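For reference, the structure is listed below as structure tokens.
Each value in this text was obtained by applying a stated rule to the coordinates, not by laboratory testing. Source: prediction; values computed, not measured. Here the Cβ positions follow ideal geometry from the backbone for every residue, glycine too, while neighbour counts run over all protein chains shown.
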Amino acid sequence: MLTRRHVFFAGAALAALPLGRLAWPHAASAAASYEVTHTDEEWRKLLSPDAYQVLRHEGTERPFTSPLLHEHRAGTFTCDGCDLPLYSSKTKYDSGTGWPSFWAPLDHAVEEIKDSSLGMTRTAVACRRCGGHLGHVFNDGPKPTGLRYCMNGVALKFVPATPSSS
């Protein structure tokens with residue numbers, strides 16, 4: 001017989017699971033379809049613990065903790081997992097959310113995936129070369145796109161622009 005106690009304990013057990021593991025709809029099944037692939041153990045060795053949790057297990061860093069939030073130099077933001085250029089500093093802006101935000105990715109840099117976790121529908125953003133989870137995109141950004149690519153800074157690296165030689 002199912003009692004309220006059973007429902008309570010089942011709910012508590014689900015709540016104790018890492019939310020990121022429930023949030024990423026394609027991570028395990030799509031790994032072989034990317035240009036850059038590694039075993040789980042190889043990813044653990046290649047990435048910092050925080051980057052591993054976000055990129056490979058769809059975690060989310062705490063807001064206002066990324067040094068990239070305050071990065072204002074000219075350059076490119078790349079995937080921490082595979083170094084693919086993802087965003088130009090020209091599209092970065094302060095969204096006030098606590099995560100590095102951009103109004104557009106570079107061409108052919110990211111893929112967008114429907115994310116129906118946590119009782120809502122959102123659009124997750126992943127690196128198109130390694131499948132690493134980067135963040136989500138929302139329709140409340142600035143012109144010209146009206147989009148806000150809200151990225152986990154720990155999933156990115158910043159590469160400063162080099163002065164042009166003339």
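Could you list D140, D107, D50 in order of exposure, starting from the residue whose Cβ has the fewest other Cβ atoms within 10 Å? Intermediate values should be presented prior to the final figure.
Working: D140 10, D107 7, D50 18.
Ordered by Cβ neighbours within 10 Å, fewest first: D107, D140, D50.
Taking the Cα centroid of the stretch 141-162 and of the stretch 88-139, what is the distance between the two, rounded to the nearest whole Å?
8
Could you calculate the contour length gain from L46 to Y93, that is, 0.36 nm times the residue separation minus the distance between their Cα atoms, to one decimal place in nm?
Details: separation 47, 0.36 × 47 = 16.92 nm, distance 2.91 nm.
Stretched fully, the L46-Y93 segment lengthens by 14.0 nm.
Return the inverse of the average 1/r over all pairs of distinct C-alpha atoms in the stretch 93-166, which is the Kirkwood hydrodynamic radius, in Å to one decimal.
Numbers: mean 1/r = 0.0741 Å⁻¹.
The Cα-based Kirkwood calculation yields 13.5 Å.
Kindly provide the chymotrypsin sites (Phe, Trp or Tyr not before Pro) of the stretch 60-166 that DSSP labels as loop, not H, G, I, E or B, and whose Cβ sees at most 12 other Cβ atoms within 10 Å. The partial results should precede the final answer.
Working: sites: F64, F77, Y87, Y93, F102, W103, F138, Y149, F158; in loops: F64, W103.
Those that pass, being in a loop and sparsely packed, are F64.
Would you mind ranking K143, K45 by Cβ crowding within 10 Å, fewest neighbours first? If you can, show how the numbers build up before the last one.
Numbers: K143 6, K45 9.
Going from least to most buried by this count: K143, K45.
Test of understanding: express the Cα radius of gyration of the stretch 19-160 as a ratio to 2.2 N^0.38 Å, with N the residue count.
Working: Rg = 13.9 Å, N = 142, 2.2 N^0.38 = 14.5 Å.
In units of the globular-protein estimate, the stretch 19-160 measures up at 0.96.
Along the Cα→Cβ direction, 7 angstrom out, place labels at A74 and A104. What is the inter-label distance in nm?
Distance between the two pseudo-spin positions: 1.8 nm.
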